[in-house]
Amino acid sequence: MKLDELAGARRTHKVFGPEPIPPETLLELLAVARFAPTHHLNQPWRFRVLGPETLAELKRVAGEKEAQKLDRAPTLVVASAVLTGDLVMDEEDVCASAAAIMLVLLAAAERDIATYWRTPAVLRTRPGREAVGLPPGERFLGLLHFGPAAREPSPREREPAESYVEFLA
């Protein structure tokens, strides 16, 4: 499948089957991140795969309403970017980490693994960050959900390229 077809086939899933992604498959997906563009090849992205104890602690600090959303997928991964304190470098590293996340999501789509990239508020709080081991020098970028698709979401219409591309003289 060509990249544009793969990107067009990728969906945001909110309903997953119960089977977790095997660790070796998850590692294959996350290994694709290393091909993201990154300044100085510093690979600032970090991925933390949540086990049952960590997930239970995150659900506890999230509260009952948010905890229900954390049960959507059988495999959860916290994605972050290591920051240096240099404003320009940090901006570049956050962008590189977002690119790495997208490569991981595309790799999952290629393997028919359903995904959902969320940014729940609990992971921007001190208790939420502590629950998943995010140190102060990392920026939380997303909670990635992985699992088998329970149902396929409908494709959503996207604006044509002409609506966001401008050719300058």
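Some points to look at:
- Each residue of region 32-46 was assigned a 3J(HN,Hα) from its phi angle through the Karplus expression (A = 6.51, B = -1.76, C = 1.60, θ = phi - 60°), giving 5, 4, 5, 8, 5, x, 8, 5, 6, 6, 7, 6, x, 6, 9 Hz with x at Gly and Pro.
- Note on GLU53/ARG126: beta-carbon distance plugged into 1/(1 + (r/R0)^6) with R0 of 25 Å gives a FRET efficiency of 0.85.
- Compactness relative to 2.2 N^0.38 Å, alpha carbon Rg of the chain: 1.09
- For region 57-64, backbone phi angles converted through the Karplus equation (6.51, -1.76, 1.60; θ = phi - 60°) give residue-by-residue couplings of 5, 4, 5, 4, 6, 6, x, 4 Hz, Gly and Pro being listed as x.
- Length added when fully stretched, PHE35-ALA7, from 0.36 nm per residue minus Cα-Cα: 8.4 nm
- At R0 = 41 Å, FRET efficiency that the Cβ-Cβ distance of ALA67 and GLU166 yields, to 0.05: 0.40
- All Cα pairs of region 80-169, percent lying beyond 19 Å: 59
- Shown in residue order for region 140-153 are the 3J(HN,Hα) couplings computed by the Karplus curve 6.51 cos²θ - 1.76 cosθ + 1.60 at θ = phi - 60°: 5, 10, x, 10, 9, 9, 9, x, x, 6, 7, 7, 8, x Hz (x for Gly and Pro).
- Amide H contacts of ALA73 (H built 1.01 Å from N, under 5 Å, at least 5 apart or other chain): none
- Put a plus charge on the Cβ of each Lys and Arg, a minus charge on the Cβ of each Asp and Glu, and nothing anywhere else: the dipole of region 62-167 about its Cα centre is then about 600 debye.
- Amide H contacts for GLY142 (H built 1.01 Å from N in the peptide plane; partners 5 or more residues away or on another chain; cut-off under 5 Å): ALA79.
- Per residue, the average separation of C-alpha pairs within less than 8 Å and at least 6 apart gives region 19-149 a relative contact order of 37 percent.
Every number here is computed from the coordinates shown, using simple stated rules; none is lab data. Just so we're clear, the structure is a prediction, and the values are computed from it rather than from any experiment. Note that each Cβ is placed from the backbone with ideal geometry, even for glycine, and that neighbours are counted across all protein chains shown.
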